[in-house]
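Here is the structure we will look at, set down as structure tokens.
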Amino acid sequence: PATLPSPAETLAALRTTFGERRLIANTLVTLRRVCLGFGLSGLVGVPLGVLAACFPAVRSFIAPLTIFGRNIPVAALIPLTFFFFGIGEFQKMMFLFIASVAFVVSDTTAAVLEVPQRYVDTALTLGASRLQIILKVLVPLAAPAIFNSLRLLFGIAFGYVMLAEVVKLGGGTGGLGDLINVSQRRGEREPILIVLVVIPLIAYAIDR
């Protein structure tokens, strides 16, 4: 009992968490940040991944960058993004973009490369140009795998945003990560447990 609140105590804290702690507003702020940061990584990463799959020279140039991006410790990006982008909303968006774009590029490249060669050969036989093969054969056939990858990576980005919300600018709504940090400093365990339940529920709803 001294370490973990009971279910009854946690449920009793729901009213305060939704009211004074503004759970809904913080959730919407976090969702907006994830959508902007991960959306940008999709806008940049998917076309780059398609180009990398279709042109070996592009793939050779991007491969070291994606390997580096996929393996760098995400927490190490926090101070770097503070230096480059400040501590406002733009920093949080760019942190999520940098943390996830390498995964988007890599998965998109793999999805396009997995398209069976027979479809490309058929298109060439019918006289299709390289651009037509990319836009009308490779991208449509790889689209389901790309979409599934983005669906899974969105959940990872939702976890990354907790790191981005360690620092809050001003007295506005700081997001779910800030709600957890404030609760930890105050020694309030119930709001933390409530947020830890809310996050997977939202992620599951979006995934569905």
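The values are calculated or read from the model by the stated rules, or taken from the named source; none is laboratory data. Owing to the predicted nature of the structure, the values given are computational and were not obtained by experimental measurement. Positions of Cβ are backbone-derived with ideal geometry, glycine not excepted, and every protein chain shown enters the neighbour counts. For accessibility, only protein heavy atoms count, side chains too; no ligands or nucleic acids. Shrake-Rupley method; radii C 1.70, N 1.55, O 1.52, S 1.80 Å.
Taking all protein chains as present, what is the carbon and sulfur share of the accessible area of the range 71-208, in % to the nearest whole number, probe 1.4 Å? Before the final figure, lay out the partial values.
Details: 5020 of 7430 Å².
With neighbouring chains kept in place, the figure for the range 71-208 is 68 percent.
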Original post:
Looking at the range 1-58, which trypsin sites (Lys or Arg not before Pro) are DSSP coil and have at most 12 other C-beta atoms within 10 Å of their C-beta?
Top reply: none
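Can you give the local net charge around D107? Use residues other than it whose beta-carbon is closer than 15 angstrom to its beta-carbon, Lys and Arg +1, Asp and Glu -1.
Numbers: positive: R59, R70, R151; negative: E114.
Net charge in that neighbourhood comes out at +2.
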Subject >> Area accessible to solvent at D107, 1.4 Å probe radius, in Å² >> reply: 50
Original post:
Based on DSSP H assignment, which helices of the chain show an axial Cα extent of at least 18 Å together with a mean Kyte-Doolittle hydropathy greater than or equal to 1.0?
Top reply: 23-54, 89-113, 139-164, 190-207
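Measuring with a 1.4 Å probe in the full set of protein chains, what accessible area per residue, in whole Å², belongs to the range 4-68?
Details: 3750 Å² over 65 residues.
Per residue, the range 4-68 has 58 Å² of solvent-accessible surface.
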Subject >> Given charges at beta-carbon only (K, R positive; D, E negative), |dipole| of the chain in Debye >> reply: 200
Original post:
Could you state the per residue volume, in Å³, of the convex hull enclosing the Cα atoms of the chain?
Top reply: 139
**OP:** For the range 47-119, evaluate the Debye formula with one uniform point scatterer on each Cα (no solvent term) and list log10 I(q)/I(0) at q = 0.20 Å⁻¹, rounded to two decimals.
**Re:** -0.83
**OP:** Using a 1.4 Å probe and ignoring any ligands, DNA or RNA, find the accessible area of S106 and quote it in Å² to the nearest 10.
**Re:** 40
